[in-house]
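Okay, structure first, notes after.
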Amino acid sequence: MPHVLVIEDDPQVRAALLRALDERGYATSSAGTGLAGLHSAVTDQPDLVVLDLGLPDIDGVELLRMLRSVSAVPVIVVTARDEEAEIVATLDRGADDYLVKPLGAAQLDARIRAVLRRSTSDDPVSAVVVAGLVVDPASREARLDGRLLDLAPKEFDLLRYLSERAGQVVSKRELLAEVWRLPYGGADKTVDVHLSWLRRKLGETAQQPRYLSTVRGVGVRLSAPEES
Ligand code: CA
């Protein structure tokens, strides 16, 4: 049975979460502060961490950064604050999914199963090669013509998602849902901003694309550059 570590300072919310997880067949442990949670994540080696962002001792986003530097355990972030910027920041720092309070037990269970499925099916996987571009999910490294690209976590995830679908047009809605786990909002610029960063790192522009071409009104496609 998967072991879930719950890091949550509110005793009532924590007890309710542990009860719900226990009823659904998970092994559980818990911590009431960020530091205790970090310690437990390292020593207990849980299969997944449910992390409340509003903790008394450390900011949840900072805790996530510390956790990521010592562990690759999947993390579902829980926030009372339905703020897109904060959610994007935690996903950028390596959270696998997020939930906004109040939590429904069935939804939490579904998200946990989805994250565990992804984290186990992701491994091991082989690198994707598109012309001079090599994207290796195992090492989370991407190279262009042999040169290691300096990518932020979400830039890598975006590049990986597109390279695994090389030649296909992928919509921004799909990217937002699959790479960021966010619902589509018409004014959302998250995907555009990350695409432009990624283009810069690949040494190309929207006007002069090589690997990443925008299909107006549809989405974006990664494909081998045409010989010029
Ligand atoms: Ca809290």
Residue of Ile76, Ile58, Ile87 that the Gaussian network model of the chain assigns the largest fluctuation, springs spanning Cα pairs under 10 Å: Ile58
For the chain: relative contact order, % (alpha-carbon pairs under 8 angstrom, 6 or more apart): 12 percent
Unit charges on C-beta of K, R, D, E only; dipole of the stretch 128-227, Debye: 240 debye
Solvent-accessible area per residue for the chain (1.4 angstrom probe, square angstrom): 51 Å²
Value in Å of the Kirkwood radius, where the stretch 1-120 supplies the Cα pairs that are averaged: 13.9 Å
Of all DSSP beta bridges in the chain, antiparallel share, percent nearest 5: 45 percent
Straight-distance crosslink candidates among lysines, where the alpha carbon sits under 19 Å from Lys172 and sequence neighbours closer than 8 are dropped: Lys154, Lys189
The chain, accessible surface, carbon-and-sulfur percent (1.4 angstrom probe): 49 percent
The stretch 135-228 shape via C-alpha gyration tensor axes, a/c threshold 1.5: oblate
Phi-based couplings in Hz for the stretch 153-164 (Karplus 6.51, -1.76, 1.60; Gly and Pro marked x): x, 6, 5, 5, 4, 5, 4, 4, 4, 6, 5, 6
Two-site FRET efficiency, Asp44 against Glu84, from Cβ-Cβ distance with R₀ of 25 Å, rounded to 0.05: 0.20
Value at 222 nm in deg cm²/dmol, rounded to 500, when DSSP H runs of n ≥ 4 in the chain each add -39,500 (n - 2.57): -12000 deg cm²/dmol
Hydrodynamic radius (Kirkwood) for the chain, which is based on Cα pairs only, to one decimal in Å: 18.8 Å
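The values are calculated or read from the model by the stated rules, or taken from the named source; none is laboratory data. Note that the structure is a prediction, hence the values are computed from the model and not measured. Positions of Cβ are generated from backbone atoms using ideal geometry, with glycine treated the same way; all protein chains shown enter the neighbour counts. The area values use the complete protein model at the heavy-atom level, side chains included, leaving out ligands, DNA and RNA. Shrake-Rupley method; radii C 1.70, N 1.55, O 1.52, S 1.80 Å.
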